[in-house]
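All remarks here apply to the structure that follows.
The values are calculated or read from the model by the stated rules, or taken from the named source; none is laboratory data. On a predicted model such as this, the values are computed, not experimentally measured, just so you know. Here the Cβ positions follow ideal geometry from the backbone for every residue, glycine too, while neighbour counts run over all protein chains shown. To get the accessible areas, we keep the full protein, side chains included, count just its heavy atoms, and leave off ligands, DNA and RNA. Shrake-Rupley method; radii C 1.70, N 1.55, O 1.52, S 1.80 Å.
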Amino acid sequence: MPDGRTRRVFVAMLREEWRLHGRLFRGTRFALFPVLVALVTAGAAGGVVATGTAPETVYAGLHALAAVFGLHTGSIGFVGRDAIDDLLGDLTLLVFSARTLPLSQSRLLGVFVVKDLVYYALLFLLPISLGTAAAISAVRGVSDVASLAGTSALLWATLTCAFVLGMGATLAVLGLTGRGLPGRAVLGAVLVAGGAAWTTGVDIAAYSPYGVFLAPTGPRIAATGVAVAAVSLVGAATFDPSARRPARTVGPSFRRWRRRLGDPIATKTLLDVHRSAGGFGKVLFSAGVLLGVTVGLTDLAGRITGVSPSAGISLGAVLGLSGFTTYNWLTQSDDVDAYRALPLSVASLFAGKLRAFLLLGPAVGLAVYAPAVVWRGGPVGEAVVGAALLVGVACYIFGTTVFLTGFSPNEFLFDTALFAVFGLAMIVPLVPVLVVGFALAPVSPVLLAGLGLGSAMLGLVGFALYRRAIPRWTRRYRQG
């Protein structure tokens with residue numbers, strides 16, 4: 001705009017983001033976050049390459065993670081609609097202030113998306129690129145500084161494109177589904193075309209940001225640029241966070257749901273998710289994203305290594321990670337302060353969240369897992385153990401997240417210390433499982449028995465951490 005309002009809002013949003021995280025995590029700990037990301041990425045990438053994993057597999061995984069992170073960031077669409085409808089309480093971010101600023105909600109959302117792109121490209125993707133390129137170069141004995149700089153720059157550019165692609169895809173899907181039957185028809189046609197290309201053997205990855213990284217040829221760059229631009233433009237043109245859903249009358253659902261669930265906190269939690277933007281579908285969407293990424297990585301790993309990974313073990317272990325996103329949605333519009341005026345203990349609040357999680361989290365994960373395993377095929381024993389792994393990993397992640405973050409699972413992602421502890425807690429049990437699933441298929445009966453026992457142990461550890469979390473957070477919330 002000629003008066004510079006958009007530029008000023010962009011700068012203010014960047015400042016707001018930095019101050020928000022700096023205030024939450026005492027400044028210094030947050031400032032060290034990019035350093036931690038670079039070190040963790042370097043250690044992980046160097047370690048897996050040193051043990052025989054092809055660098056191409058590592059780079060493929062990073063591009064998949066960048067796309068997933070973009071998909072998650074694009075879920076601002078769900079949060080935005082709820083914030084505009086005043087469902088999230090005291091939430092006054094600039095992106096939701098169209099009623100008080102002389103800017104439209106669409107323009108504010110566009111500025112917000114660009115701000116997220118710049119912010120996370122610098123905070124996450126740049127240190128990931130530097131750490132990965134440096135570690136792999138060191139393992140392979142490459143000491144050419146110019147080559148390292150070129151690889152890091154190209155990786156940063158393609159990871160950023162993958163992030164934009166994911167973020168734009170979420171907004172485009174939300175926008176098209178909100179346009180009624182014509183929008184859904186367009187979305188369905190795109191999905192059918194993509195599925196047809198995948199099943200007929202078209203190398204879609206070659207014309208993605210990952211393909212550009214492997215071989216930055218003109219056709220690949222052009223195809224990736226067109227895809228990123230198309231998805232972003234469709235999202236910008238169709239998504240309207242201020243669009244009102246049709247008015248509808250609802251009955252006294254709380255009492256009916258409570259009779260079935262037996263817990264008022266669990267009832268309120270599930271009703272909050274059900275009545276928020278996206279409903280239970282957004283929990284299913286989060287699990288579906290993990291499924292798509294895992295299927296893509298298993299196919300790619302199979303082509304690179306020549307060993308077909310175990311669909312049951314790989315899908316079950318990764319889909320268990322949906323436990324974190326499920327708990328995040330269950331606490332999205334909730335906090336302990338909202339209950340302080342009620343005769344409820346902190347322990348009862350956590351008990352309600354646990355019941356809601358057990359009813360929703362494993363069920364959604366298994367609903368995504370079952371058809372995927374049937375489609376991918378494989379031994380029945382691996383499919384059964386994979387299902388057990390999904391439930392065990394989900395419960396383990398739930399307990400770990402509650403212990404570390406209480407009612408605020410989304411905030412700790414930028415706390416350097418908590419993020420390091422959480423990452424270590426995930427790596428220790430999951431890496432051996434994924435090694436078995438990716439490299440040792442078909443899995444022997446002895447390993448299957450060990451994985452089944454391990455899944456039960458993970459679930460028990462998760463519940464133990466949950467029980468330890470209750471007195472810990474009771475003290476903290478009373479002090480607060």
For Ala441, other-chain or 5+-apart residues with amide H closer than 5 Å (H placed, Pro excluded) are Ser310
Ordering 173-182, 145-154 by per-residue average of other C-beta atoms within 10 angstrom, highest first, gives 173-182, 145-154
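How much length is gained on full extension from Trp18 to Ser147, taking 0.36 nm per residue of separation minus their Cα-Cα distance?
Details: separation 129, 0.36 × 129 = 46.44 nm, distance 3.26 nm.
This chain segment gains 43.2 nm when fully extended.
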Contour minus Cα-Cα span, Ile427 to Ala363, at 0.36 nm per residue, comes to 20.6 nm
Note: probe point = Cα of Arg476 + 7 Å toward Cβ; backbone nitrogen < 20 Å; residues of the range 370-404 passing the test are 395-404
For the range 457-470, Karplus-derived ³J(HN,Hα) couplings (6.51, -1.76, 1.60; θ = phi - 60°; whole Hz; x for glycine and proline) come out as 5, 4, x, 5, 4, x, 5, 5, 5, 4, 5, 5, 6, 4
Quick numbers on the range 340-417, Rg and Dmax over C-alpha atoms in Å, give 16.4, 54
For the range 379-480, the accessible surface attributable to carbon and sulfur atoms (probe 1.4 angstrom, ligands and nucleic acids excluded) amounts in percent to 75
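So, R0 is 35 Å and r is the distance between the beta-carbons of Ser345 and Val118; what FRET efficiency does that work out to, to 0.05?
FRET efficiency, Ser345 to Val118: 0.20.
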In nm, the gap between the two label points placed 7 Å beyond Cα toward Cβ at Arg468 and Ala206 is 5.1
